[in-house]
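Novice: Below you'll find the structure I mean.
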Ligand SMILES: Cc1cc2nc3c(=O)[nH]c(=O)nc-3n(C[C@H](O)[C@H](O)[C@H](O)COP(=O)(O)O)c2cc1C
């Protein structure tokens, strides 16, 4: 199956409490859970201090379609596409939201990264770190056999 990977950053349009999935972030979690599993999309939505970054991986048309939906969402602004390209193997096996709260991060890891200057690799590394340490919610991919029945 052909796969692609997309990375964007944006700014939330609502106040965020680290580790809390109430309000708009809870709605985003529900939408991601429902749609991403069905569309075979994995990745992570990283919640940093006043900044989102998201990595989306999956079939190219589904990734594009999902990003089009997200891009026009009024709950964030300043959406900047950082990367869209072919992918050999998924980096993430599921989709999740991870908070970059200092309490979750191992000591020595930066509390902030500069997303405007960051390379794709730096953002991927941050995503993997949050998947390991900052995750509070996740959604498994639907396996083809599960969605057939
Ligand atoms: C920062 C951010 C990330 C989002 N991530 C996803 C996502 O990964 N998948 C998704 O389907 N919707 C995501 N959404 C929500 C979509 O923009 C859209 O509201 C939703 O998919 C519509 O689904 P619904 O009609 O079932 O509510 C995100 C929204 C924001 C603001």
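Values quoted throughout were computed directly from the atomic coordinates according to the rules given, and no laboratory measurement underlies them. Only a predicted model underlies this, so the values are computations on that prediction, with no experimental measurement involved.
Novice: Of all beta bridges DSSP finds with both residues in the chain, what is the antiparallel percent, to the nearest 5?
Specialist: 85
Novice: Taking springs between alpha-carbon atoms closer than 10 angstrom, which of 86, 139, 100 fluctuates most in the Gaussian network model of the chain?
Specialist: Highest fluctuation among the options: 86.
Novice: Could you give the angle, 0 to 90 degrees to the nearest 10, between helix 120-133's Cα long axis and the longest principal axis of the Cα atoms of the chain?
Specialist: Computed tilt is about 90 degrees.
Novice: Quick one: compute the contact order of the chain, relative version, from alpha carbon pairs under 8 angstrom and 6+ residues apart, as a percent.
Specialist: Here the relative contact order equals 35 percent.
Novice: Report, to the nearest 10°, how far helix 60-71 tilts away from the longest principal axis of the Cα atoms in the chain, using its own Cα long axis and a range of 0 to 90°.
Specialist: 40
Novice: How far is helix 24-38 tilted, in degrees, relative to the longest principal axis of the Cα atoms in the chain, given as a value from 0 to 90 rounded to the nearest 10?
Specialist: Between the helix axis and the principal axis of the chain, the angle is about 30 degrees.
Novice: How large is the convex hull of the Cα atoms of the range 23-149 per residue, expressed in Å³ as a whole number?
Specialist: Looking at the range 23-149, the number lands at 118 Å³ per residue.
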